[in-house]
Amino acid sequence: PRSAAGLARGLAPAPRSSSVVTVQRRFVQDVQITRTGKPIISIQGGRSSLGGHTATVFGATGFLGRYIVNRLARAGNTVVVPYREEMTKRHLKISGDLGRVIFIEMDLRNKASIEESVRHSDIVYNLIGRNYPTKNFDLDDVHVWGAERIAEAVAKYDVDRFVHVSSFNANKHSPSEFYRTKGLGEEAVRRIFPETTIVRPAPLFGYEDKLLNTLAGVSNLFTSNGMQQRFWPVHAIDVGMALEKMCYDDSTAEQTYELYGPTNYSMADIAALVDKEIVKHRRHINLPKKLRQPVLELMNRLLWWPVGSADEVEREFIDQVIDPSAKTFADLGIEPAELKSLTYQYLLPYRSAAYYDLPPQTEREKREERKYLHVID
Ligand code: NDP
């Protein structure tokens, strides 16, 4: 039979023989009940989906933050982003539909602002971390005291899930203050909220990373261990994907995940890859640790922009160690990406414009024999 809409569009009537109407049942709605009895209703629908979850992401304004806010918001979850600086959070607003990403001003020293950030959520992520001490917060404040305050707010409002992002090599006995405070932070959050999911990412790479960008930049001149530290670099997008899965899968509660890439590299191996990709040679000068550490200590105290820290020098002497008891990407059904296959994409802006990615386009270019590098080697 011809529908009114069909008639309006001038469609021919369907033949009588095919007039059997098949009713298609599509399960477009799903309901889940959380540990505390909250119903999570999700409806698929592209950018206007309803994800059902309300997630707070502390530290969303950093590098890794955007890869989890983006995934949650585009699936229609409400994402609460506590922030400190107006300009650092603007890019997150467009991750989801209008009203999906909500900003709340927060300071770790202001308990009420932390509580306000978590009280409506059913999952809280803590991505707050710092590589170097600042005037207002040392590493202990950020990784232990701050994490404790967030975990306390999570426990107070009985939020269903808490995911705490720690670091590879987190160990309370480590000679590095960063790894030590990360280890103590893990202990603190588990003590306050035992169901915490702990995530220990390996050094991350991606567009805004501190690995490839540092190696490709000119300021990374001094090293102390001849770049011999070894680790398994991991793709930020894979870690974002893992964090998203943790939101939907409650069996990840109470677990510890070590998220690392498929290949073990030394920093020197990655520097060689970077040099090849940017078609430039970056010089590195090895200076003794005893000389660099006091200089960086002083510079860090006097200057107000990141210049490196004594602890970062200490970390150059520590290889990544994998905890065999921790779960990995395999347990989440994710295959981590290989660094080598992505360096081209991330390092292209560092190449000189003198290099072409296309064969000579004109007679003049052919005559001048301009060098060109093929995209696929
Ligand atoms: P970034 O340094 O890019 O971001 C850190 C985030 O923490 C920012 O949002 C920052 O806020 C926030 N933050 C730092 N100090 C404070 C503070 N005192 N009060 C409130 N907020 C604060 O880190 P990444 O995104 O690279 O890393 C995310 C997490 O993963 C961190 O915990 C980090 O230690 C960990 N990690 C990272 C690795 C890496 O290679 N990048 C490797 C292993 C672990 P603001 O923007 O306001 O400064």
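Across the stretch 124-144, which residue is nearest to the ligand (Cβ to nearest atom) among those that are surrounded by fewer than 19 Cβ atoms within 10 Å (Cβ to Cβ) and within 15 Å of Ser176 (Cα to Cα)? Give the steps one after another, and end with the answer.
Taking the stretch 124-144 as the starting set, the residues that turn out to be surrounded by fewer than 19 Cβ atoms within 10 Å (Cβ to Cβ) are 131-132, 134-138, 140-141.
Next, only the ones that are within 15 Å of Ser176 (Cα to Cα) stay: 131-132, 138, 140.
Values: Asn131: 7, Tyr132: 10, Asp138: 10, Asp140: 11 Å.
Among those residues, the one meeting the criterion is Asn131.
Consider only pairs whose beta carbons are under 9 Å apart and that are at least six residues apart or on different chains; among these, list those whose first residue lies in the stretch 329-354 and is more than 21 Å from Ser219 (Cβ to Cβ) and among the polar types (S, T, N, Q) and whose second residue is part of a loop (DSSP other than H, G, I, E, B) and open to solvent by 60 Å² or more (accessible area, probe 1.4 Å).
Every condition considered, the pairs that remain are Gln345/Tyr207.
Let me spell it out: the conditions are (1) surrounded by 23 or more Cβ atoms within 10 Å (Cβ to Cβ); (2) within 15 Å of the ligand (Cβ to nearest atom); (3) charged (D, E, K, R), and Arg161 meets all of them except one. Which number is the exception?
(2)
Among the residues of the stretch 279-302, what is the count of those that are outside any helix (DSSP H, G or I) and either touching a strand residue (DSSP E or B) at 6+ places or on another chain (Cβ under 8 Å) or free of Cβ contacts under 8 Å to residues at least 24 places away in the same chain (or both)?
Keep residues of the stretch 279-302 that are outside any helix (DSSP H, G or I), which gives 279-288.
Filter once more, keeping what is either touching a strand residue (DSSP E or B) at 6+ places or on another chain (Cβ under 8 Å) or free of Cβ contacts under 8 Å to residues at least 24 places away in the same chain (or both): 281, 284-287.
Looking only at that region, the number is 5.
Would it be correct to say that Ser219 is of a type in the set (S, T, N, Q), surrounded by 19 or more Cβ atoms within 10 Å (Cβ to Cβ) and assigned to a loop (DSSP other than H, G, I, E, B)?
Details: of a type in the set (S, T, N, Q): yes; surrounded by 19 or more Cβ atoms within 10 Å (Cβ to Cβ): no; assigned to a loop (DSSP other than H, G, I, E, B): yes.
Considered against the rule, which asks whether it is of a type in the set (S, T, N, Q), surrounded by 19 or more Cβ atoms within 10 Å (Cβ to Cβ) and assigned to a loop (DSSP other than H, G, I, E, B), Ser219 comes out as no.
How many residues does the stretch 247-272 contain that are assigned to a loop (DSSP other than H, G, I, E, B) and in contact with a helix residue (DSSP H, G or I) (Cβ under 7 Å, 6 or more places away or on another chain)? Steps first, answer last, please.
So the first thing to find is which residues in the stretch 247-272 are assigned to a loop (DSSP other than H, G, I, E, B), and the list is 249, 253-255, 260-264.
Narrowing the set further to residues that are in contact with a helix residue (DSSP H, G or I) (Cβ under 7 Å, 6 or more places away or on another chain) leaves 261, 263.
Final tally of qualifying residues: 2.
In the stretch 79-111, which residue that is open to solvent by less than 70 Å² (accessible area, probe 1.4 Å) and part of a helix (DSSP H, G or I) is nearest to Asp140 (Cα to Cα)?
Here the answer is Thr88.
For Asp319, work out the one condition from (1) among the charged types (D, E, K, R); (2) touching a helix residue (DSSP H, G or I) at 6+ places or on another chain (Cβ under 9 Å); (3) at pLDDT 95 or above; (4) open to solvent by 60 Å² or more (accessible area, probe 1.4 Å) it doesn't fulfil.
In the conditions (1) among the charged types (D, E, K, R); (2) touching a helix residue (DSSP H, G or I) at 6+ places or on another chain (Cβ under 9 Å); (3) at pLDDT 95 or above; (4) open to solvent by 60 Å² or more (accessible area, probe 1.4 Å), Asp319 misses (2) alone.
What are the residues in the stretch 83-113 that are within 14 Å of the ligand (Cβ to nearest atom) and in contact (Cβ under 8 Å) with a residue 40 or more places away in the chain, if any?
Applying the first criterion (within 14 Å of the ligand (Cβ to nearest atom)) to the stretch 83-113 yields 83-92, 103-111, 113.
Met106, Leu108, Lys111 - these are the residues of the stretch 83-113 that are within 14 Å of the ligand (Cβ to nearest atom) and in contact (Cβ under 8 Å) with a residue 40 or more places away in the chain.
The values are calculated or read from the model by the stated rules, or taken from the named source; none is laboratory data. Note that this is a predicted model, so its numbers are computed, not measured. Cβ coordinates were reconstructed from backbone atoms using ideal geometry, including for glycine residues, and neighbour counts include every protein chain displayed. The protein model used for the area step is the full one, side chains on, heavy atoms only, and it has no ligands, DNA or RNA in it. Shrake-Rupley method; radii C 1.70, N 1.55, O 1.52, S 1.80 Å.
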